[in-house]
Structure formats: C-alpha cells, structure tokens
Amino acid sequence: MSEHAITRRSFLAGSAGAVGLAATAGYMGFGAWEQAHAAGGWRREVTTAHSLCNSCSSKCGFTGYVEDGRLTKMIGDVDHPYCEGTLCARGYGYASIAYSEDRLTDPLKKNDKGEFEAISWEQAYSEIAEKVKAIISSNGPEALAMVQDPRPSGSYYTKRFMQALGSANVYTHGAACNLSKNSGFTQAIGAGDYASDVANSKMTMFIGRSYADAIRPSSVHDLQRARENGAYIVLVDPRCNNTITLADEWVPINPGTDLALVLAMSNVLIKNGLYDKDFVAENGIGFDEWAAAIADHTPQWAEGITGIPASTIERLAVRFAECAPAASIEPSWRGAFGCSYANSGETARAICLFNTLLGCWNQKGGALFLPSVSAGEVDAEKFPAVPKPEGKILGSEEYPLALSSMGVNVILADKAREGAVKGLFFYNSNMAAGYANPDYLAESFSNLDLMVAIDVQMSETCMLADYVLPDTSYLERLELPEFVGGKVPAVTLRDRVIEKVHPNTKPVDEIFSELAEACGVGEYFQFTVDELADAQLRTVGLSLEGLRQAGGTARFPEKEYSYGAAVKWKTPTGKVQFTSEACEKAGLSPVPVWVDPQTKPAGGNQFRVIGGKQAIHTHTQTANIEPLMEITKKYNLERVWMNADKAAQLGIADGDEVEVSNEEHTGRVRVKVTQRINPEALYVPSHYGCTSPDQHTAYNVGLRQMDFVPFSIEPGYGGACTQEAIVTVKKAGA
Amino acid sequence: MARYGMLINTKKCIGCYACRVACQRQNDLLPNEDFIRYEEKETGTYPAVRVETVPLQCMHCEDAPCAAVCPTGAAYIGTDGIVQVDHGRCIGCKYCMAACPYQVRVFNEETGTVDKCRFCTVSAETSGTQMCSCVEACLTGARLFGDLDDPESDIAQEIAATNAQPIAGDLTKAKIFYVR
Amino acid sequence: MMESDEMFAVLSACFAPVERDEWAQLTAQPVWAGFLDAARRALQDDDALGEPASPISRARMRCPLQDFLSAGEVKALFAPPTYDEKRAFAARHFTGGLPDSAVPVESLYATWSNGALPSPFSRCAGMYQGDSARYMKDLVERMGMDVPPQFAACPDHLALELDLAAVLLRSGARDAARQFLSERLAWLTAYRMRLLTLGADAGFYIGLVDVLVGIRTQLASGADAVEARAGRRAGTEAETEVEAKAEVVAASNTNRSHTCI
C-alpha cells in the first residue's frame, strides 16, 4: 500500500478520496446557500407531528411543525385535555433542549481520576451488567433500586427492568413531591387523588397550590371559568402567589400550619352543625371520635398557630358550609403538604375529612373522582408478564403509610449508608439536587458499588454516577400511550417530532431492553416500543397509527363522568375513614389531630424556607434553558422574598444582597422585599442554585432551596420534609 | 383600511411570561431580546395586598415619538398604521429608545439596530395562519386584537364595554388599550 | 512531498475517531514529517492551496513552524499523541455535556440560524445543527456524497469540514476549496479559546487549530495576489461579503461562557 492511501482516505468520498466533475459542480458557497434558503426555493418539506411536551409533568399535547428536519413552530393542541390550545412559557422554551450544547452525546464512565470518559454502549452495558450480577449474587436483587420521575415509557421500562432482576425497589420522585399527600388521602378516602370541580364551584380553597405559577393550562382555564361563574376563590399560602389575579382572598398562613386551619374549620362546622350529617353518617366511620378529638381545635386555638385571625377562620368555614356541596378544598399537588412538613400526610387526611363534612364528593362544583382508562392485557407471549419480586419495596416497613406505587425514595440514602442498597439507577430524576439535602445524598451515594444515571444533560445526579447513559430528548422519541383521567377520559401520545439529533443517544425503551439483555433477563424485552404501544392501544379499541391520525389525542366518551354517583370507598373499612387503623399502627393518632412541624423559626432574623414554582420553570429541569433563564435574569426572579416589615426591622432594603445561612449551608443572594409574604417565611424559588458547571446557562444562579434542608423523613408517610428548614438572614457584609 | 389595535386586560394577566417566549419564537428573537416588558405593581400593605402585572409593548402610536425623532426615517408609521422599523436604515443611534415613553424598544446587539413589537398577529387576523403570537399564546385570553374602527369587532366592543384606555391616556394616541 | 489535500486529510483524521492502525500509519515517519512540512508551507504560501509549487518557489518557503506557532505548540505537533492518548482525549473532550467538553462542531460556536431556516430558537447560540450543519449536509449531498452516520448530529464537525476541503482539492476544485475554507474555518478563533481552558494535553489540538487559523489568514491575504495573477479569474465570488459574515459569527461567540468554566 502506498503512503498516499492513508493520507487520501476520506470520510466522505471513501478510499477514492475524490469526486468527479459533475459532483464538484454541485459546490455552492455558504452565502449562496443562505440566499437560496431565504428565498424559499430550497427543498423544504414541512411535516407535522402531534406529541407531548416534557417541560413539566402535565405533558400537554402540541403540534410540532418540522421544516427540513428542524422544529419551526409549536402550537398547543385544542383537543388535549390539559392543554386546551395554549402552551405555557416553558413549553415554548424547553424545546431547545434537543439541540442544546449541553446534551450528553455518548455513554460515559467515571475514570480513576473522577473524570467522565466516553465509552461504547457495549462497554457500558457489559460493565454495568457485570456489577449488577455481582450485587445480586452477593446481596440479592433487593440491593438494587431505581428512582425515576414518571414519564410514559420510563414508568413502564424502569419497573419492568427492576422486576425482571427480581427487585421491588422502584421509586418515583414522589417522596419529594406528592407522596405524603397521596398517602394521606388514601388513608382517608382510599384514593390517592381527586379533582376539584373548580369551574363549577361556588367556593374553592387552594392550600399552597398556585395554578398561575405551576401552570397546567386547563387548570388556569377552569379557574377563569370559576371566576366568570362567580365562585369565591381562596388562596391559603404564606406567599401571595400569582394566582391572586384570579382569586378573591389571600390567607397568609404561617408556613407548616395548614393542618391547624383545616382542623379549626372542621371544628366550626361540627360545633355549629353546619356539616352534611346524612352524608357523614352514611359514608363515614369514626366521626364521633374525630369530633371529640378536635373539640378543642377552635379558631381561637388555631389563630395562635396559623397567624390567621379566628374570625377569618370562622368566616371561611361558614362560607364553605353555605356553598356546599359546590365547594371543596382543592387537592393540590406538591404545594404545602405534598412532602413539606412532618405533618403533611395528616394535613392531607384532614382535608379529605373536611371535604367529607361538606358532602361534596362527586357533587357538581365539589370534589370529584374522575374516570380514567388504562391499557388492558396484551399478548402474553409477545409481552410476557414478569414474575412479581418476592420482597417488598425498601422503606415500606419504616414508612408503612407511604404508597408502595411511589415508595420512599429518600430512604435509599440511609440504605446506601447501611450497605443494604449497593446499586442504584436513576432515570429522568435529579434526586441529588432536588429531593433532599444534596451533601447528605452525595455522601450516602458514595457508598454504592454501582450508580447509573440516564438523562439528557449532566445533572447533579449524573455528576455523582459511575455511569451516565445519554437519553434522547422528548422530541426525538415515541413513548407508550399516556392515559389521562378526566370528565371525558383520554389517551395521548408522545411521538417523534424530529429525527434523533445525536446518533449515539438512545431512548429509554432501548436502553433498558438492551441493559436487560446484558443482565441476562432479555427474554422480557423482545419487542419494540412501537409494538407495545400499538398492542396497548388495541386493548382500548385504537391503534398506534389510528391515534396518530386522530391528532395524538383520543377520547373515551362512553366513559364520560356524571355527577352524583355514589362513591365506593376503597379503604379497608369501605368508608371514609375519620379514624384509621393503619395510622394508629404507624404510631400516629388514629384520627387526624394537630401535629407540630419539626421546626419553627424563633422570630428575629430566623425564617422558615419555603419553596414554590415560578411560571417559567419546572424544578431544576428548565434552569438551563436560555430563553427562560433570560427572564429570570431580567426580572431578578432568583431573589428570595422577605416580608417588608421584617426587612425594615433587619435593616434590609429591596435588592440588597443577603446572607442566608443555617447549619447545612450558607449562601448569598439578593432579596425582594415585599408585602406579599408572611413574616415567618423566606421564599426561595425552587429552580436555582445549579451546581453542575456543564449546564452553562443554569450554573451558579441563585440559591438551591434543598441545600438548606436537613435530611429528615416524615414519620409514617415518608415525605422528604422539604420545608423543615430554618435559616437566619442578614444583610451581606453586615 | 383596518386600524389595528390591541386590548390587554391586566385583570386576567397572571404574569406567566408565555406571551414573551411565544413572541420570541414567532419572531426569531434572541433569548434576551424581548418585545414585551412587564411591570409588576404591588399595592396595599400586608396582608391586604393586590398585585397587577402590566405587559407593555410597542403601542403603535398614531403620534409616534420614535418616528418623530428618528434621524434616518428607519422608524416610521406604515400605511396600515403599524409602527415599523426599516432595519436597513437604522443606524443604532437609540434616539427612538430614548423618546419612547413606554420604554419598549430594544436594541439588538447582534445587528446593532433597534427593534420592537411588529403587530405580527395581523397575519393571523388576515390570513388565519396559526401562530404563536402573544395574542394566541395567552393562557387567559387577556389579549384581544382587531380593527379598532370596526364597531362590530370584538375589540371595539370590549373597549366600549370596559372603558379600556391607553396606558398613558392621550399622550401619543396609542393603539393598545388596557383594562386595569 | 505531501500535497495540500493530504494535509487536510491528516488534519481531519486528527479530530476524528480513526482506527488504531490508521493513526499509527499517519503518525509514523515519513508521513507525519511530511504533514508538518506541508503545514509549514501552507502557512507561508501566497498561493495557499494553489497548484503544486515548483521546486524553486518551494525553496523560498523556509520559515520554520516556530515562526507561526508557540514553542509549546510546535513541540506538541512534533510529538503527536499515541492512539491511546488520542482516544482518551476524545473520550473526555470530544463528547457532549461534560465540563470539559470541547466538541469541534461549528454550530456550537455560532448563532443557530440567521434566517435561512426560521425556527423557534433560531437566535439561540451554541446549539447543534445550526445553519452551518444544514449547509454542510446539503453541500455533501449536492456533491453526491453522504454524511457518515457517526457525524449525523454534526455534519459541521471540524473533521468533516476538513475532509470536504481535502476532497475539493483532490477533485481539482481549488477555488471552491479556498472559499470553503475561508468561510468554514472562521469559528476556530472561538474554538481555540475553548481549547485553551482545557489541560496541557490540549496543546496538540491548539497547535493544529493555529495551523488552520494561519492557513485561513494566509488564504485571505493571498486572495488578492492570486486574483491579480489569475487576471481576475471568473468565478471568484464575493469573498469579502463572505469574510464579513464569518467574522460576525466568530464575534458573536465572545460572550459565551466557555472561557470562564
């Protein structure tokens, strides 16, 4: 071989290394190319695809317009039940993630120096599988666990993968989101959630939930309809959030004391006989016990705890009674009692009991159990069932009230410390930054033999991992059908909008199918996501192609909800449980009574840290999106909020830099001095303080709420106690 | 010819920034280039506090100070009454930015020229093209767009019904009306 | 004597994933010495990339590489990395999403689109598959070739841009190659800044980039001389306009955060 052979080899033209005259005639300068495009004369294929947004958990439907391979326009789908034709700022902004320079492009392995190096998928799979097998043989499959923030395909494949390995340890992000709430609801009403019929209500109370800040477009639309219908809308929140525009009253409660408010309002209804006695008698169990237990939980008593005047509590309770049954306390999401305090689960339980006093279940304008549809049984040969693992999910003994469908993910930190968990997988989850104290988690995870994170960009969790596997972005993949409950239930589809940008990234279905193969349990993954999606849809009378043709959303009108249906309570007693045996067994009061939060600010320069969303961000997930972060920067949205009177006492002025500190952390940030917040609370927006330098836009802007939160788990329910944090604040340099 | 204008109902505005980001997408703007600016007004004292978000953008004034001060004719009022920027003529002197009482003109560092709201939603109005303009993106329907001179139009009727006014009264004969 | 097309092929291979034995052959003597000599000549040839020069004119080009590059860079260039060193560097720096990522892709150093194809985020900077990527893909296809699958995310990968330059030269399209290189290599100024933030083992690549930046400068200054000699050869397109555009692209990157990581 001549020496030229090697220096004339070409990626483009092969070993010939050259092209003919006709080909070189095809050469065109960049300027001419640009002009040809601008003139519109270039081949420009326009395609559209219906898909689901991924900038928050609502997964709104949209139509993506793709011209010549590029996403050019996004229009919200009118038919999608959560979108109703409008997307939020995040929806428009987040799409750029597909092309982001911060995308992970190759599987990565951490080397001896702690640096990541690109490796092949084969190497990643075989090394991970080897470690998985070693852990199983030495500690059993229960030493493996998975944490994932549920997405249509992710929920299915992560669970199937772990179960195939024999582990029941599949956790959602729930313990840092809505675990306490859903678990508390379940104790009272046998259901993890319900929906308030806001639009048709005469009165709805929101506790810690802000439709205008954590936007689901249909919820905003409902609230507007409620306003048009003359509903009385009450916001209970230490912070006067942006929903105030669409609300009538702000109740600036002391953070962590919502339970006292709900108990006192219940007390008013019971004492004055203003509750639906027939409904309670027919549906409830243990009412008298509860009534006796909260007899002293009067508005006067609650005033001292909540900071809400007794007269206000009384007035709100009476107004509720007047509006019942077209009234309810809205179920919230993460808000104030999804996972925030030592009393969050009990708050959730009390709210269900309060709604029961209103007799509003399944009543127009009240609290509804809306129907949903799910996929039926698919062909057992093609999609064989995985044997259910023998063990129970770790944490279920310590936190018996926690829903096993979510699990107490934060306990994995302690399990890793104890050595009970050796291998941990993360899919679409930034646990290390968002679920609990980051330092504590990092230290815990350093005990693991194997840590694998799957994501689109280098999250703080990825930074701690031994292996990082690059996911496709949501715009590049088909996922399993997403069933959406509602008055008319629906099924929706996340579909490929654009071609995969990075050839070496893989969607979640491929990653877990191939990993399963490497781990020796590939027999449960002998199908593609397209095949399973189609099979699932066929069980409900649809098909993959059919759903695509239908615009990505199909409704099930035959399942339409109707008001007034009697509720079949799925509690152990078949009743609304004013008293719960399980709670008693878990060491809680059998009936919900007042429980103090773990911590309380002592006044002076002490504050309780509260979090909460801003309309342009979702947790820490969107902070690296430039068009969204520019809004943060322009309007200084990273500032912490402090009550104006408190600020004056402390000599702090609007825009000052302050030092926020406690035993866990000290950080500096500017402050927004405002009338819009309870003096006990310091609002730290939940989106900032990114410590991953690979996220060029997000890095080092603002504070991270979780840095200030000591590691702690809510008794019984397993919530991450994300607002059990007291800090002192002083003017920086003072 | 239609005299286009907009109505913004701040009682419906939840300050979510969807219109800003949608506008950037619709008009290919830089991430920090915003045709819509927001002013948040907090009134009252704790706990009796109210909040109003006021989105501001080019008001397409009939008496446009930007056009009056522009030395090159780059800022001008088009035949349809829409205030425009001729980027070829703009020399980036920023006189117009200083003159604009609403402070809604923005300087594009990349091109060295000034830009602002183009009333792009006209094309949705006239051709029915689906767009993500501020009007169509608004979650709460706080924005209406249409012909101010057509007494049958939604916008004209809503202005009459709500007594909506330009943000600064008669100052510049602005064509964006506010319900506050 | 290594010709310019071969020189670009070697440069391309330096930034691309190539097989072990291929790298061994390229870095063995006399190939590597020939490459360095070709680079040295390209940096000082008035008619850079012109017809193969006569022995006399070659003799005139005597300035050593040291005149164009720093001592450290020259040293790095004279001692190319082994295959394992090259692979390790690529595993840490030529992959995306890492603190030390320095993927040599033009789109990451440019505004996404200047309007040739409007999109929801045209004016964002530093994203994959910008205009330069679309252009490269279109160009490769117009010339009857295909973008190799491993470059699907980034047809404007430096390796592919250099490879295309080599193909153009080898196929006798020298004017096109000249224009192509002066258009396509403008982003390397910004890319060089990125490389500077990496560790000492980036020296080899910084040296290569400096060779390329130097060649581009040479192309620009030589353009007039060439034109004069060629008697206003038809077909030279509006180079100056192209230049201006390329400068804008480079300038737009100055406020990216790459340099302060």
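The values are calculated or read from the model by the stated rules, or taken from the named source; none is laboratory data. Keep in mind that what you see is a predicted model, and the values were worked out from it rather than measured. Neighbour counts are summed over all protein chains in view; Cβ atoms, including those assigned to glycine, are modelled from backbone coordinates with ideal geometry. Heavy atoms of the whole protein, side chains included, go into the accessibility calculation; ligands, DNA and RNA do not. Shrake-Rupley method; radii C 1.70, N 1.55, O 1.52, S 1.80 Å.
Based on Cα positions only, what radius of gyration and what Dmax would you give for the stretch B:4-178, in angstroms?
Rg and Dmax of the stretch B:4-178, Cα atoms, are 16.2, 52 Å.
When the convex hull of the C-alpha atoms of the stretch A:581-734 is computed, what volume per residue in Å³ does it have? Working shown, then result.
Working: hull volume 21.1 nm³, N = 154.
Convex hull of Cα atoms, per residue: 137 Å³.
Of the accessible area of the stretch A:606-731, with the probe set at 1.4 angstrom, what percent is carbon plus sulfur? Write down the numbers at each step before the final one.
Details: 1500 of 3550 Å².
Of all accessible area on the stretch A:606-731, carbon and sulfur atoms account for 42 percent.
Please report the net charge: other residues with Cβ closer than 13 Å to the Cβ of A:Glu714, K and R +1, D and E -1. All intermediate terms of the calculation are to be shown ahead of the outcome.
Working: positive: A:Lys181, A:Arg349; negative: A:Glu346, A:Glu398, A:Asp596, A:Glu724.
Here the charged neighbours net out to -2.
Could you work out the mean count of beta carbons from other protein chains within 10 Å of each residue's beta carbon in B:40-51?
Working: counts 4, 0, 6, 1, 3, 3, 13, 14, 3, 9, 6, 10.
The shielding value for this peptide is 6.
Measure of size requested: the Rg and Dmax of the stretch A:195-368, with Cα atoms as the atom set and Å as the unit; please supply both.
14.8, 42
On a C-alpha basis, how far is the centre of the stretch A:596-657 from the centre of the stretch A:9-59 in Å? Whole number, if you could?
So the separation of the two Cα centres works out to 45 Å.
Using Cα pairs closer than 8 Å and at least 6 residues apart in sequence, work out the relative contact order for the stretch A:606-731, in percent.
Working: 262 pairs, mean separation 45.8, N = 126.
Relative contact order comes out at 36 percent.
What is the Cα coordinate range of chain A on the first, second and third principal axes, sorted by size from largest, in whole angstrom?
Sorted from largest, the Cα extents of chain A read 99, 66, 61 Å.
Applying the Karplus parametrisation 6.51 cos²θ - 1.76 cosθ + 1.60 with θ = phi - 60° to the phi angles of the stretch A:439-448, what ³J(HN,Hα) value in whole Hz is obtained for each residue in order, glycine and proline being reported as x?
5, 5, 5, 4, 5, 4, 5, 5, 7, 6
Express the relative contact order of chain A as a whole percentage, based on alpha carbon pairs under 8 Å and six or more residues apart in sequence. Could you put the intermediate results ahead of the total?
Working: 1670 pairs, mean separation 135.2, N = 734.
Once divided by the residue count of chain A, the mean separation gives 18 percent.
Using the Karplus curve 6.51 cos²θ - 1.76 cosθ + 1.60 with θ = phi - 60°, what ³J(HN,Hα) values do you get for each residue of the stretch B:128-140, in whole Hz, with x for Gly and Pro?
x, 4, 6, 10, 10, 7, 4, 5, 6, 7, 4, 5, 9
How much area per residue is accessible in the stretch A:36-150 when the probe is 1.4 Å and only protein heavy atoms are counted (Å²)?
Working: 3820 Å² over 115 residues.
For the stretch A:36-150, the per-residue accessible area is 33 Å².
Quote the accessible area belonging to A:His221 in square angstrom, nearest 10, computed with a 1.4 Å probe and with ligands, DNA and RNA left uncounted.
Rounded to the nearest 10, that gives 20 Å².
For chain B, what does -39500 (n - 2.57) per DSSP helix run (n ≥ 4), summed and divided by total residues, give at 222 nm, in deg cm²/dmol to the nearest 500?
On the way: 6 runs with 39 residues, N = 180.
Rounded to the nearest 500, it is -5000 deg cm²/dmol.
What does the average come to when, for each residue of peptide B:134-140, you count the partner chain Cβ atoms lying within 10 Å of its Cβ? Walk me through the numbers before you get to the answer.
Details: counts 0, 0, 4, 9, 1, 18, 10.
For peptide B:134-140, the averaged partner shielding equals 6.
Can you pull the mean other chain C-beta count within 10 Å for peptide C:165-171? Write down the numbers at each step before the final one.
On the way: counts 0, 9, 11, 5, 2, 7, 10.
If you average over the peptide's residues, the count of other-chain Cβ atoms is 6.
Near the amide H of B:Tyr38, under 5 Å away, which other amide H atoms are found, from residues 5 or more places off or on another chain, if H is placed in the peptide plane?
For B:Tyr38, whose amide H was placed from the backbone, the distant partners under 5 Å are B:Leu56.
Which whole-angstrom value gives the distance between the alpha carbon centres of the stretch A:343-400 and the stretch A:152-185?
The distance from the Cα centre of the stretch A:343-400 to that of the stretch A:152-185 comes to 13 Å.
Sorted by average packing, counted as other Cβ atoms within 10 angstrom per residue and highest first, what order do A:88-99, A:661-672, B:28-39, B:70-81 take? Display every interim value, and only then the final one.
Values: A:88-99: 27.7, A:661-672: 17.2, B:28-39: 19.6, B:70-81: 15.6.
With the highest mean Cβ count within 10 Å placed first, the list reads A:88-99, B:28-39, A:661-672, B:70-81.
So how do A:240-246, A:74-80, B:47-53, A:426-432 stack up, highest first, on mean other-Cβ count within 10 Å? Before the final figure, lay out each step's value.
Working: A:240-246: 23.9, A:74-80: 21.6, B:47-53: 16.7, A:426-432: 26.0.
Result, highest mean first: A:426-432, A:240-246, A:74-80, B:47-53.
Applying a 10 Å radius around every beta-carbon, put A:530-539, B:168-177 in order of their mean neighbour count, most first.
Working: A:530-539: 18.8, B:168-177: 17.1.
The peptides rank, most packed first, as A:530-539, B:168-177.
How large is ³J(HN,Hα) for each residue in the stretch B:105-112, as worked out from phi by the Karplus curve 6.51 cos²θ - 1.76 cosθ + 1.60 (θ = phi - 60°), to whole Hz, x for Gly and Pro?
9, 10, 9, 8, 4, 6, 9, x
Taking amide H atoms as placed 1.01 Å from N in the peptide plane, list the residues 5 or more away in sequence, or in a different chain, whose amide H sits under 5 Å from that of C:Ala102.
For C:Ala102, the qualifying residues are C:Phe94, C:Thr95.
Could you work out how far helix A:508-518 tilts from the main Cα principal axis of chain A, as a 0 to 90 degree angle to the nearest 10?
70
Among A:Lys159/A:Lys422; A:Lys59/A:Lys415; A:Lys570/A:Lys613; A:Lys59/A:Lys110; A:Lys202/B:Lys12, which pairs are too far apart, with a Cα-Cα distance over 22 Å? Walk me through the numbers on the way to the answer.
Details: A:Lys159/A:Lys422 18 Å; A:Lys59/A:Lys415 33 Å; A:Lys570/A:Lys613 33 Å; A:Lys59/A:Lys110 33 Å; A:Lys202/B:Lys12 19 Å.
From A:Lys159/A:Lys422; A:Lys59/A:Lys415; A:Lys570/A:Lys613; A:Lys59/A:Lys110; A:Lys202/B:Lys12, over 22 Å: A:Lys59/A:Lys415; A:Lys570/A:Lys613; A:Lys59/A:Lys110.
Please give the total accessible area that chains A and C bury against each other, computed with a 1.4 Å probe and expressed in Å² to the nearest 100.
Working: alone 28880 and 12840 Å², together 35680 Å².
Looking at A and C, the buried total is near 6000 Å².
Would you kindly find the accessible area of A:His50, with a 1.4 Å probe and non-protein molecules such as ligands, DNA and RNA excluded, rounding to the nearest 10 Å²?
Here the accessible area works out near 60 Å².
Taking every DSSP beta bridge that has both residues in the protein assembly as shown, what percent is antiparallel when rounded to the nearest 5?
The antiparallel fraction comes to roughly 60 percent.
Could you work out [θ]222 nm for chain A from helices alone, using -39500 (n - 2.57) per DSSP H run of at least four and dividing by all its residues? Round to the nearest 500 deg cm²/dmol.
Working: 24 runs with 217 residues, N = 734.
The helix-only estimate for chain A comes to -8500 deg cm²/dmol at 222 nm.
Mean separation of Cα pairs under 8 Å and 6+ residues apart, divided by the residue count of the stretch B:4-178: what relative contact order is that in percent? Write down the numbers at each step before the final one.
On the way: 316 pairs, mean separation 53.3, N = 175.
That works out to 30 percent.
Amide H neighbours of A:Arg8 under 5 Å, counting only residues 5+ apart in sequence or on other chains, H built in-plane at 1.01 Å?
none
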